[in-house]
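Q: To start, I am sharing the structure in question, which I have written as structure tokens.
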């Protein structure tokens, strides 16, 4: 077996070559790789012996030559072998090649560094070997080494199925590499988002079904750091499509809180949220905020889950539990619930574009944030410190609640949530109904401007004594006037947090 090696990332290379032993008859390598191999007592020859030239243009040209590419692309039939023999060329059976770190270079925002890290020869080698997978094994990343090593140890050969698998991985990596180049270079050269938008999903996770049993469903990663796709499942059945949507909503909500917080979600919108001194208290409060809705729910917390909180959870019907970490005794207790899906998740927010699918296209946007530039008091009366804290708490919650969203809160706990209605006043009535006797003394957050003073009239009727909203209605003056009449503090954020 003849091998050609040209790698930037040299991790694991020597161990892998050593594991193949005498399976490799001859190794050719490009200059930098050759030096590394020789320093580690691996015998190899320079690719320059085949091409007839040393690296050109400071390494921009090393392998772009028929002696290299004919050896990777030969069909191994009589006609191909005759043509190679004419020029004293020969076949390669194995290519080990990975690419310049363009993404790392792009982080520097230095154009020259980005340009010099656009790999030409390496990408061409990988594509050539992948095209000819029937005859050539292509290893395009160090993570492939163990896969081939195990197969060689077991079967003493690399199967066609493995070559197919590695070729597809190589094409995926080359496509992802080109996407990174286009996206980053376009932004650098034009100082705006690209005209064409590419999404790379990988590490497919098959789901039992989609939103309904007759729909197929899959989850793909688009990043190796954020969100539910990168969470570690510690217990329970596999996640369903709807579990993932609800878990994502719960995680994104709880990430907005610095205080110890528990978020309960049903159907992609919060049903109960609470911040408290202890996690146990926060969970109890979030559950009691709407116990009727909290059946078969998803809960996310932003602190390490302790045994006291786990004891409160163990008798509840929870579908998915999300936390940054777990005390061992708490985890062992909850693992007794075999169907409970327990996730350990990174609490860092994802600031990449949000992408949604529509028929015939996709929509992208920057992610919604509750943060505003300036909070303006619009009424004559100010809210006291505690009421203002409740208003800011409610504002964070309403930013994650489906429109037309109206959130009532008291003592940093939701009292009632109205969501997903075609009428804002109807959402308020639902929130009031959910809050029952606890509504008195609560505050209201609205995700978009309050269009009429009817909502203020309703607030006064039930003792709601604080409102936070974006403002911007042609009837703002009517709302302000009514708040002053009822002595209700009113604050404008100047920012809408409408969530469809």
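The values are calculated or read from the model by the stated rules, or taken from the named source; none is laboratory data. Quantities reported herein were computed from a predicted structural model and do not represent experimental measurements. Note that we place each Cβ from the backbone using ideal geometry, even for glycine, and neighbour counts take in every protein chain shown.
Q: Criterion first (without any contact (Cβ under 8 Å) to a residue 12 or more places away in the chain, over 22 Å from residue 131 (Cα atoms) and outside any loop (DSSP other than H, G, I, E, B)) does residue 22 satisfy it?
A: yes
Q: For segment 135-156, give me the residue count where each residue is closer than 25 Å to residue 69 by Cβ and without any contact (Cβ under 8 Å) to a residue 40 or more places away in the chain.
A: Here the count works out to 1.
Q: Shifting gears a bit: Could you run through segment 272-297 and say how many residues are in a strand (DSSP E or B) and within 16 Å of residue 257 (Cβ to Cβ)?
A: 4
Q: Inspect all residues belonging to segment 236-251 and state whether any of them is over 21 Å from the mean Cα position of the chain (by Cα) and more than 27 Å from residue 328 (Cβ to Cβ).
A: Within segment 236-251, none of the residues are over 21 Å from the mean Cα position of the chain (by Cα) and more than 27 Å from residue 328 (Cβ to Cβ).
Q: Which of (1) surrounded by fewer than 18 Cβ atoms within 10 Å (Cβ to Cβ); (2) out of contact with any strand residue (DSSP E or B) (no Cβ under 6 Å at 6 or more places or on another chain); (3) at pLDDT 95 or above does residue 228 not meet, given it meets every other one?
A: Residue 228 satisfies all of (1) surrounded by fewer than 18 Cβ atoms within 10 Å (Cβ to Cβ); (2) out of contact with any strand residue (DSSP E or B) (no Cβ under 6 Å at 6 or more places or on another chain); (3) at pLDDT 95 or above except (1).
Q: Considering only strands (runs of 3 or more DSSP E) fully contained in segment 327-386, which possess at least 1 residues that are farther than 21 Å from residue 237 by Cα?
A: Where strands (runs of 3 or more DSSP E) fall fully within segment 327-386 and carry at least 1 residues being farther than 21 Å from residue 237 by Cα, they are 354-358, 361-365.
Q: Among the residues of segment 187-204, is there at least one that is loosely packed, with under 15 Cβ neighbours inside 10 Å, outside the structural domain of residue 134 (by TED's automatic domain parsing) and closer than 30 Å to residue 334 by Cα?
A: Within segment 187-204, one or more residues are loosely packed, with under 15 Cβ neighbours inside 10 Å, outside the structural domain of residue 134 (by TED's automatic domain parsing) and closer than 30 Å to residue 334 by Cα.
Q: Here's something else I'd like to know. Looking at segment 34-75, which of the residues that are at positive phi and not in a helix (DSSP H, G or I) is modelled with the lowest pLDDT?
A: 52
Q: Take segment 1-19 and flag every residue that is part of a helix (DSSP H, G or I) and exposed (fewer than 15 other Cβ atoms within 10 Å of the Cβ).
A: Once the filter is applied, which keeps residues that are part of a helix (DSSP H, G or I) and exposed (fewer than 15 other Cβ atoms within 10 Å of the Cβ), segment 1-19 yields 15, 18.
Q: Of all residues in segment 450-464, which are out of contact with any helix residue (DSSP H, G or I) (no Cβ under 6 Å at 6 or more places or on another chain) and within 23 Å of residue 498 (Cα to Cα)?
A: 451, 452, 457, 459, 464
Q: Condition (residue is in a loop (DSSP other than H, G, I, E, B) and in contact with a strand residue (DSSP E or B) (Cβ under 8 Å, 6 or more places away or on another chain)) applied to segment 204-215: is it met by at least one residue?
A: Checked segment 204-215: at least one residue is in a loop (DSSP other than H, G, I, E, B) and in contact with a strand residue (DSSP E or B) (Cβ under 8 Å, 6 or more places away or on another chain).
Q: Would you list the strands (runs of 3 or more DSSP E) that sit entirely within segment 440-500 and hold 1 or more residues that are within 14 Å of residue 378 (Cα to Cα)?
A: Fully inside segment 440-500 and qualifying: 467-469, 490-492.
Q: Now for a separate question. Can you pull out the residues in segment 317-329 that are over 20 Å from residue 259 (Cα atoms), surrounded by fewer than 22 Cβ atoms within 10 Å (Cβ to Cβ) and either at pLDDT below 95 or touching a helix residue (DSSP H, G or I) at 6+ places or on another chain (Cβ under 7 Å) (or both)?
A: Matches in segment 317-329: 329 only.
Q: Applying the selection to segment 71-99, what residues are crowded, with 19+ Cβ neighbours inside 10 Å and out of contact with any helix residue (DSSP H, G or I) (no Cβ under 6 Å at 6 or more places or on another chain)?
A: Residues satisfying the conditions are 71, 93, 94, 96, 98.
Q: Scanning segment 76-114 for residues that are in contact (Cβ under 8 Å) with a residue 24 or more places away in the chain and in a helix (DSSP H, G or I), which turns out nearest to residue 223 (Cα to Cα)?
A: If we take residues in segment 76-114 being in contact (Cβ under 8 Å) with a residue 24 or more places away in the chain and in a helix (DSSP H, G or I), then 103 is nearest to residue 223 (Cα to Cα).
Q: Just a yes or no: is a residue in segment 251-258 under 30 Å from residue 172 (Cβ atoms), in contact with a strand residue (DSSP E or B) (Cβ under 7 Å, 6 or more places away or on another chain) and in the same structural domain as residue 311 (by TED's automatic domain parsing)?
A: Yes, some residue in segment 251-258 is under 30 Å from residue 172 (Cβ atoms), in contact with a strand residue (DSSP E or B) (Cβ under 7 Å, 6 or more places away or on another chain) and in the same structural domain as residue 311 (by TED's automatic domain parsing).
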